[in-house]
1. Can you list residues from other chains, or at least 5 along the same chain, whose modelled amide H is less than 5 Å from the amide H of A:Arg161?
2. What is the magnitude of the charge dipole of the stretch A:204-251 about its Cα centre, with +1 placed on the Cβ of each Lys and Arg, -1 on the Cβ of each Asp and Glu, and no other charges, expressed in debye to the nearest 20?
3. With +1 on the Cβ of every Lys and Arg and -1 on the Cβ of every Asp and Glu, and nothing else charged, how large is the dipole of the stretch A:264-342 about its Cα centre, in debye rounded to the nearest 20?
4. When Lys and Arg each count +1 and Asp and Glu each count -1, what net charge do the other residues less than 9 Å away from A:Asp398, Cβ to Cβ, add up to?
5. Label-point separation (nm) for A:Arg155 and A:Arg600, each offset 7 Å from Cα along Cα-to-Cβ?
6. Sorted from fewest to most neighbouring beta carbons within 10 Å, what does the list A:Arg327, A:Arg442 look like?
7. What FRET efficiency comes out for the pair A:Ala531/A:His45, r = Cβ-Cβ distance, R0 = 51 Å, nearest 0.05?
8. Residue by residue through the stretch B:220-235, what is 3J(HN,Hα) from phi via Karplus (6.51 cos²θ - 1.76 cosθ + 1.60, θ = phi - 60°)? Round to whole Hz and write x for glycine and proline.
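Rule-based calculations on the coordinates, nothing more; no lab input. Predicted, not measured: the structure shown is a model, and the values here were computed from it. A quick note on method: Cβ atoms are made from the backbone with ideal geometry, for glycine too, and the neighbour counts reach across all protein chains shown.
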Amino acid sequence: MSRDLLFEIGVEELPASYVPPALEQLERGIRVGLDELRLAHGEAHTRATPRRLALAVEGVADRQGDFDEEAMGPAARAAYDAAGNPTKALLGFCQSKGADPASVRRVETPRGEYVAVTVHHEGKPAADVLPVMLARVATSLAFPKVMRWLDDETRFARPVRWLVALLGGEVLPVRAFGLEAGRESRGHRFLAPGPVPLARAGDYLHALEKAYVLANHLARRERIRAQIEKMAHDLGGEVRPDEELLDINNFLVEWPTAFAGSYDPRFHDLPNEVIITALREHQSFFTVRAPGTGDEKLLDKFIAVRNGDERGLDTIRKGNEGVLAARLEDAEFYWQTDLKRPPASRVGDLKSVVWMEGLGSLREKADRLVKLGGWIAGCLAPGERSTVERGALLCKTDLLSEMIGSGKEYASLQGIIGGWYATHSGEPQAVGDAIYWHYHPRGAGDELPKTAAGAILSIADKLDHVVGAFIAGKPPSGSQDPYGVRRAANGVVRILVEKELHLDLGGAIGQSLAPFTSGLDAARRNEIRAALDAFWRDRVRSALEERGVRYDSCEAALEARLDGDRPGWTDPADGLARAQVIDRFRGDERFEPLAILFRRVANIVEKATERLPGRVDRARLVEPMEKELADALESARERTRPLWAARDYDAILPALLEMEQTIHAFFDAVLVNAEDLPTRLNRLQLVSDVRALFVRGWDLSKVVVEGEKGQ
Amino acid sequence: MSVDPARSLQEMMLALEAFWAGRGCVIQQPYPSEVGAGTFNPATFLRSLGPEPWRVAYVEPSRRPKDGRYGENPNRFQQFFQYQVLLKPSPIDVVEQYFDSLRALGIDPLAHDLRLIEDDWESPTLGAAGLGWQVWMDGQEISQFTYFQQCGGLDLPVVSAELTYGLDRIGMMLQGKDRVQDLVWAPGARGDDGRGLGDAVTWGDLWVRNEWEWSHYNFEQAPVEALFEMFRVWEGEAARLLDLQLVSPGYDAVIKCSHLFNLLDARGAISVSERVGTIARVRKLARRAAQAYAGLRRELGYPLIKDEAERAKWLAQAAEADDNAGARKKRAKTQDAEARP
């Protein structure tokens, strides 16, 4: 027999962003809890509103499953005395397990002979074991911030005010948060303030819907979506898509009713980004756009979702319009005030703003960005150099503006608004664009800079940020990343990879570190450089793996020695291409034998203690196979020479694989470590040259071969 | 004439006083010194400390020099009126009580959109922090609702709920006014014989000139050097008075420091880098005031706890905490002594 389980935690209004992670924990906690209790069960469904977190589990078994425990006792020789009678140790063991000494068996184990008993555990009724488990799961939910509301140590995101726990129609007496669970839920705060008694667990959704609570958050979300889309359509526009905003609205209401409002079209003189931010960040309103224009053309409308029914909508609309108008007036005031101060005139004021603790002012940061940005432009796009340098000098001035400095709700527009201000003050459009984009991408899903100078400035800004955190002694560790350094580095790698920019990342790290090293001794400098290299390499690796590259292909690509003897990770875009080629050639029959062989080659080359001559002396090649290898190497070099420059790795790898037979034949026929020293060194040089050609793209010794049996 | 909160601001205040008096609150009065919010009033800041129960409600005229707009802006002014309620311990139905108080103001929750929007409240100057909400009515923030977790840097053994109403804003919504200047403050009255006993008086009648003058003072005339000097003087006084266990005068000096900081800030005299440090100086004093007050109430034997057993329990707990702290100190001292040759 089985019954449905319902567990609801009734709480004062939760922060919207807390709800989804809490639901995941609740579901996982209870599912694991049921499994540990050996209670068979069907599907689990989470339910949530701002005032409740709930889980409904179908068909939970009425009793725990019985089970037999194999309990190991003492060693056999300690279990019986010389006369073969049970010792105290054995009797004690039997007593602790409730077993008859006569039922003891002897078992062979790798550690010798032991005694064991089979203990039969009879399952208990589910109703007896569930309350403790449910209380434990409820009290161990984790939130970004928790609070106390009683004069004890009870903590939760907001005060818990009721609990419902039902197994079928039976109340489970869960005790937690100073409460005992019952069968009474609560309806909408204002539309149905009374208790909502539930006869059975399965009545939950239906009973709450009658009390103006749509507890199924997935269905509620779709209802909101349908309402706002229809409303936008009726206004002759479309909703600006924003799933995150939909989620926020969804977890602010129990009974959603959408309504539309307007604002004065004169505010369209402001950048659309400002209007969208005013609507979204503070009021959680949806923006309405002219269909098919992206964010280019906005209608002077917004759509909001209230928590309630149709009553009073005119009053509510008027109130919301008033608030929005005040916010837009603030933005307009900031905008007009800021336009009177060209960014160029604020550069000196950057001195007054501290950047990172103890690391100088934004003015100094601007100087560093000019240099670093200029250096990067020199590498990637010399034509952009002056644009980047000008953008670098101005890009932080918007932090001093009213819009960013005073209007907290517009802080997310940093950079973007700076770009607008620069262009309005007569800076070239390209400079404005570089500033506009220089914080992008601000997170994993964010847009990349759309201009070359913007991308370069963004890279420079983030490199400087990462170095700063390391110098300040705040590098990321474990889950701690106080300065968002990983996010910054991931942004750089994404730009390089997705825009296929072949920047020497190692060189750039060196450039970014240089301004900070004057006060450091050499040991500390080397220590920080090594930490930075390891950090950046790890970011590159993680970016490649996120793009589906096997971890060992990734290692092979990152451990390459690029032209100029740079580590393979210092060119992320190139690294990705090389790693993907390995994944494509794994099926080639020549590939795995070569990978295995290369570990040998690497060993031999690395073990050689003598100084190699530097180049192979063809006159010293005597064995036919070594001559053949030297020829094959020469021809592979010739054939691949133009391909390396074109980064045509899909052609390079097969060209190198051509040598597979010859290399194997060489190792079969020729003794590398010949007794004669010059011969040995010459052969080592040959082997090393072969390796070097491969290592320019891949260190194949890092490749793990499936089913490989030792070496 | 019956009280109609939608008619005038003073009737709103009367309705709230009646409502909270009916729920056991002491109706206190504004603090006679410049404060930035009702939280600074000792009836909240000091009384929220320690285990003693406390329920209080009062109007607090609050000064935010930086927010002044010379009386011209319809929504921003350097003096605004808060209604402050502190309920300690926080009742189990405190949210429902709050919404009932809105009903007492004539606000029908079914005809409006009332929401609790998360807000982690913090006062860096007071070393106070709590979790709760901004209350929104039709998109407008009308109240702050906070469960105090910390005050003066001390963890609070008993959690208070602090409810703060933005009277000016709620009044504008109730009276349907777009400009604060048009808000009716007093409705005027007529005698039984129909004779006028006084005309209606608006917010503008009372405060526009005041806003203009104070905005001039705050932004243009406040003497920076003298204010810095006063800050130093009151900072010294706070420390001196708190050393003497004169908690109320000492805390009063802390309030003065905080207001002086706000004035200097409005004058643009405090650079970004000095800002954090100056706030920390005030916070340090607030913390000392909190510690002094908590110690004082304990010495007095927590007189507001009327239940003897409860009183004994809290006093015993405080003694135990002392013992633990003492033992820690002693251990540290012994280790220190052992570490010495």
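1. It is A:Gly10, A:Val11, A:Glu12, by chain and number.
2. On the way: 7 positive and 9 negative charges, 54 e Å.
Computed about the Cα centre, the dipole is about 260 debye.
3. On the way: 12 positive and 15 negative charges, 15 e Å.
About 80 debye.
4. On the way: positive: A:Arg346, A:Lys396; negative: A:Asp338.
Once positives and negatives cancel, what remains is +1.
5. In this crude label model, A:Arg155 to A:Arg600 measures out at 6.0 nm.
6. On the way: A:Arg327 24, A:Arg442 16.
Listing A:Arg327, A:Arg442 from fewest to most nearby Cβ atoms yields A:Arg442, A:Arg327.
7. Numbers: r = 47 Å, r/R0 = 0.92.
My answer for the efficiency is 0.60.
8. For the stretch B:220-235, the Karplus curve yields 10, 9, 4, x, 4, 4, 5, 5, 4, 5, 4, 4, 4, 4, 5, 4 Hz.
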